[in-house]
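Worksheet: one structure, shown below.
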């Protein structure tokens, strides 16, 4: 498959919210055959909707476009640590989580071990110890309050340094249960063909009159 054809398949997947295997489109060399492949996939999903598959599709679409990944690089066991770069990770992570869950704070990044230990545990404990040492025992509540306040302040100040992906979401498949999916639309066969025809016309500036079910995608329409 050429780059134009791959780009078309990606747009079709986005439009119909499906995932198409390369083996399914290997012989789909005309617009009509391609529409038939898409229709069969949509029909299968309509009778056997799978939230996991739909969630995987949504996640794959986002990551492939956002991080310029190839389809072959994207697998359920792919480590998110290898996909989301540490540089600007906090911003990119929140954008990712907002896209799939509608809430950027749904899954927060964590501090790495040493900053977490030093600023969220050691420093508050030091504050607690000093206040207990300097003030009478009756003021112990003040020491506890100060320790919690110190921990909260450091947690807030260190937000930009959060770059550790939670262990519970270390791979692509770990994110799938969090994905918010929409209902599945029932497509008619003619609708599928018309949508694909429109996509081809818009993407590659081809007059719709020249696009027919028998149009060869490469030889007639010139998709490289």
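In deg cm²/dmol and to the nearest 500, what is the mean residue ellipticity at 222 nm of the chain if only DSSP H runs of at least 4 residues count, each as -39500 (n - 2.57), divided by the residue total?
-16000 deg cm²/dmol
Order these peptides, 116-129, 76-89, by their mean beta-carbon neighbour count within 10 angstrom, highest first.
The most tightly packed comes first, giving 116-129, 76-89.
Would you mind checking the tilt of helix 51-67 against the longest principal axis of the Cα atoms of the chain, expressed as 0 to 90 degrees and rounded to 10?
The two axes meet at around 80 degrees.
Do me a favour and compute the ellipsoid semi-axes for the chain from its Cα gyration tensor, root of five times each eigenvalue, largest one first, whole Å.
53, 16, 13
Quick check: the angle from helix 31-47's long axis to the longest principal axis of the chain, C-alpha only, nearest 10 degrees?
50 degrees
Could you tell me how many degrees, from 0 to 90 and to the nearest 10, lie between the Cα long axis of helix 3-16 and the main elongation axis, the longest principal axis, of the Cα atoms of the chain?
Value to nearest ten degrees: 70.
Would you please report the Å³ per residue occupied by the convex hull of the alpha carbon atoms in segment 113-161?
49 Å³
Assuming 0.36 nm per residue, please report the length gained on full extension of the stretch residue 187 to residue 36 beyond their Cα-Cα distance.
Additional length available on full extension: 53.2 nm.
Within segment 139-163, which residues have the backbone N less than 16 Å from the label spot 7 Å out from residue 123 along Cα→beta-carbon, could you tell me?
146-163
Between residue 26 and residue 82, what FRET efficiency follows from the Cβ-Cβ distance if R0 is 30 Å, with the result rounded to 0.05?
Step by step, r from the Cβ atoms, then E = 0.55.
The numbers here are math on the coordinates, done by the rules we state, and not lab data. As the structure is a computational prediction, the values presented were derived from the model and not from experiment. Here the Cβ is made from the backbone with ideal geometry for all residues, glycine too, and neighbour counts use every protein chain on show.
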